[in-house]
Amino acid sequence: QVQLVESGGGLVQPGGSLRLSCTASGSTFSIYTMAWHRQAPGKQRELVAKLPNIGSVNYADSVKGRFTISRDNAKNTMYLEMSGLKPEDTAVYYCYARYYNLEYWGKGTLVTVSS
């Protein structure tokens, strides 16, 4: 069992920056494919960025060039650096981990982009 805890959300003005963190319990963090998803009010949850344990990073077209996903396996932590934030980035951001058929979700952290 893996528990994922997000942090770093909050209110930010358009054009601003935030860094989200996701800390995982357990000692096998490095084997998991990690990802950030988000769900805006009234919309379906969508993939923001994916970071496999091996392989290429994938970003949603809407965040390419503005968001950066990374991980520190020694700290069991994944990050999402967000810059150039737009009101349409407002959503609950969820941490996700997968290893074969095992999937885990965090409870989410709210990011609000508004002036």
**Request:** Determine whether residue 13 is within 22 Å of residue 112 (Cβ to Cβ), open to solvent by 20 Å² or more (accessible area, probe 1.4 Å) and over 15 Å from the mean Cα position of the chain (by Cα).
**Result:** yes
Taking the stretch 59-75 and keeping residues open to solvent by 30 Å² or more (accessible area, probe 1.4 Å) and within 24 Å of residue 25 (Cα to Cα) leaves 68, 70, 71, 72, 73, 74, 75
Listed by first then second residue, the pairs whose first member lies in the stretch 93-106 and is over 9 Å from residue 5 (Cα atoms), whose partner is outside any strand (DSSP E or B) and open to solvent by 30 Å² or more (accessible area, probe 1.4 Å), with beta carbons under 6 Å and at least 6 positions apart or on separate chains, are 99/31
Going through the stretch 76-89 in order, the residues found to be open to solvent by 70 Å² or more (accessible area, probe 1.4 Å) and part of a loop (DSSP other than H, G, I, E, B) are 86
Of those in the stretch 37-51 that are under 20 Å from residue 21 (Cβ atoms) and touching a residue at least 40 places away in the same chain (Cβ under 8 Å), the residue most open to solvent (accessible area, probe 1.4 Å) is 45
Residues in the stretch 90-108 that are open to solvent by less than 20 Å² (accessible area, probe 1.4 Å), in contact with a Ser or Thr (Cβ under 8 Å, 6 or more places away or on another chain) and within 18 Å of residue 41 (Cβ to Cβ) total 1
In the stretch 16-36, anything within 16 Å of the chain's Cα centre (by Cα), within 13 Å of residue 111 (Cβ to Cβ) and open to solvent by less than 30 Å² (accessible area, probe 1.4 Å) is listed as 20, 21, 36
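The values are calculated or read from the model by the stated rules, or taken from the named source; none is laboratory data. The model shown is predicted, which means the values in this text are computed figures rather than measured ones. Don't worry about glycine lacking a Cβ; one is built from the backbone with ideal geometry, like all the others, and counts go over all protein chains shown. Please note that ligands, DNA and RNA were not included when accessible areas were found on the heavy atoms of the full protein model with its side chains. Shrake-Rupley method; radii C 1.70, N 1.55, O 1.52, S 1.80 Å.
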